[in-house]
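Below is one structure; the comments refer to it alone.
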Amino acid sequence: MKAYRSAILRFADDQSAVYEKDGLLVIGPDASGRQVVRAVGDYAALAPNFPGVAVEHLPGRIIAPGFIDLHIHFPQTDVIGSPAAGLLPWLENYTFPHESRFADEAHAVELATFFLDELLRHGVTTALAFATSHPSSVNALMAEAQKRGMRLIAGKVLQDRHSPDGVRDETEQSLVDTETLIRQWHGNGRLGYAITPRFAPSCSEAQLRGAGELAAKYPDVWVQSHVAENLDEIKWARELFPKSRSYLAIYDDFGLMRDRAIYAHCIHFDDEDRALMRSTGAAAAVSPTSNLFLGSGFFDYEAAQRAGFKYGLASDVGGGTSFSPFHTMLAAYYVGREGQTKKGVSLSPQDLWWQHTAGAARALGLDGVVGNLQPGCEADFVVLDPAATPLLARKTAQAGSLDELLFSLIVLGDDRVIEKAVIA
Ligand code: GUN
Ligand code: ZN
């Protein structure tokens, strides 16, 4: 066993933050050998229970759960900051050409290494990631994540139509490849697989049907896609699938809405869509920097809370502009203030942080496993330096409450705050 003494941030079941100014985090193996939190709490109260356990003292630091990114594209690392009139021209002019390069396995391996380094440098210890349509891109990312012991979930993109040469796949083979990848990677160590139809417009009915059959055959495998991001995209999806009630309903009609199904964006919904999210157990990956950058719109927090469906935060790199959870939380705050219906909500710093940690874990069906530091959680955490910049040092020293401290970090923080990320 090993213990860390420092300030510690974690979350209670009611989503409120629990903060120990002088805390102790005790890590050790559980019955199956996983490195988990064995105990956590006030240092003075807890330390006498663990005589002989080595304690690393981190004065002035904060230990917090590793962040979870609910939606990110590893092959779009080099696409960040590519301007376009909107989603569809951005896909055509930047994204698809970049993704076609992943036919080259050496390129995929190089990017996988860079991408995972970048996630960890920003304190992200778990991600739900798109690869490309090339199965070898999944192998490259999974192998690299396994080397680091990361809990990573990823999938091969399905896109058998309305996609250029170089990224378009073939219906039957794409489904065979998906099942092969599920068998190879899902539950292999800490890795998980996600069935990944890119979005309804890029998938034939046969491909969506096959994806839905796999989702039923492998109920603990994840599903990930995009929905209701952009008005032109929605119009196109409705034309292609006129029998479905809405864009979201297309996925339901093909058996792709269930627990562990994560849909990026979910901006232009009506209340029936929101009720469908809630009743099926699907979750939204809210991607505010991407939505602001591509001019897609604003996630309606007020309506989502009213409907009671699950959601959490995501970077959506490379539509998103940053790997940093701090930047994403700040953008989510702006989006909440704006509000799609102009009935903006003021998201609290504890809520924003929860959405990127324990809330994201709940959306993935991994509550109590990652995204928190309660006893039994896997030991993925970050060590934060709240004085990482001169301005942060001034500002956090004046914080009179936990909310003020967390807000200072959200507004002023970036990768400089992440002193290190510890995996398992
Ligand atoms: N819709 C279909 N593909 C994509 C993608 O790569 N990024 C975003 N933001 N939306 C999409
Ligand atoms: Zn995306």
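The values are calculated or read from the model by the stated rules, or taken from the named source; none is laboratory data. Please read all numbers here as calculations on a predicted model, not as lab measurements. Cβ placement follows ideal geometry from the backbone for every residue including glycine, while neighbour counts extend to all protein chains displayed. Quick note on the areas: whole protein, heavy atoms, side chains included, nothing else; ligands and nucleic acids left out. Shrake-Rupley method; radii C 1.70, N 1.55, O 1.52, S 1.80 Å.
What the table below lists for this structure:
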{"quantity": "Cross-chain or 6+ apart pairs with Cβ under 8 Å, segment 64-87 first and more than 15 Å from ligand 2 (Cβ to nearest atom), then open to solvent by 10 Å² or more (accessible area, probe 1.4 Å) and among the small types (Gly, Ala, Ser)", "calculated": "65/358; 66/421"}
{"quantity": "Qualifying positions in segment 81-126 - assigned to a loop (DSSP other than H, G, I, E, B) and more than 12 Å from ligand 1 (Cβ to nearest atom)", "calculated": "81, 83, 85, 104, 122, 123"}
{"quantity": "Subset tally (residues that are open to solvent by 30 Å² or more (accessible area, probe 1.4 Å), at pLDDT 95 or above, polar (S, T, N, Q) and part of a loop (DSSP other than H, G, I, E, B)) for segment 342-396", "calculated": "2"}
{"quantity": "Index of the failed condition, residue 319 passing every other in (1) among the small types (Gly, Ala, Ser); (2) farther than 20 Å from residue 129 by Cβ; (3) modelled with pLDDT of 95 or more", "calculated": "(2)"}
{"quantity": "Test: residue in segment 207-221 that is at pLDDT 95 or above, on the phi < 0 side of the Ramachandran plot, within 15 Å of ligand 2 (Cβ to nearest atom) and surrounded by 20 or more Cβ atoms within 10 Å (Cβ to Cβ)", "calculated": "no"}
{"quantity": "Residue satisfying all of: in segment 300-323; of a type in the set (A, V, I, L, M) and under 16 Å from residue 268 (Cβ atoms); surrounded by the most Cβ atoms within 10 Å (Cβ to Cβ) among these", "calculated": "304"}
{"quantity": "Residue that is farthest from ligand 2 (Cβ to nearest atom) [pool: residues in segment 251-272 that are open to solvent by less than 10 Å² (accessible area, probe 1.4 Å) and either more than 29 Å from residue 321 (Cβ to Cβ) or not hydrophobic (A, V, I, L, M, F, W, C) (or both)]", "calculated": "251"}
{"quantity": "Segment 79-102, residues that are open to solvent by 10 Å² or more (accessible area, probe 1.4 Å), in contact with a helix residue (DSSP H, G or I) (Cβ under 8 Å, 6 or more places away or on another chain) and more than 25 Å from residue 332 (Cβ to Cβ)", "calculated": "98, 101"}
{"quantity": "Matching residues in segment 1-33 - criterion: being among the charged types (D, E, K, R), part of a loop (DSSP other than H, G, I, E, B) and in contact with a strand residue (DSSP E or B) (Cβ under 6 Å, 6 or more places away or on another chain)", "calculated": "30"}
{"quantity": "Any strands (runs of 3 or more DSSP E) falling wholly within segment 148-246 and containing at least 2 residues that are polar (S, T, N, Q) and closer than 30 Å to residue 377 by Cα", "calculated": "222-227"}
{"quantity": "Segment 397-424: number of residues that are touching a helix residue (DSSP H, G or I) at 6+ places or on another chain (Cβ under 9 Å) and not in a loop (DSSP other than H, G, I, E, B)", "calculated": "17"}
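One line per residue, one yes/no per condition, for (1) more than 16 Å from ligand 1 (Cβ to nearest atom); (2) within 27 Å of residue 367 (Cβ to Cβ):
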residue: 192; (1), (2): yes, yes
residue: 214; (1), (2): yes, yes
residue: 222; (1), (2): yes, yes
residue: 226; (1), (2): no, yes
residue: 232; (1), (2): no, no
residue: 241; (1), (2): no, no
residue: 255; (1), (2): yes, yes
residue: 268; (1), (2): no, no
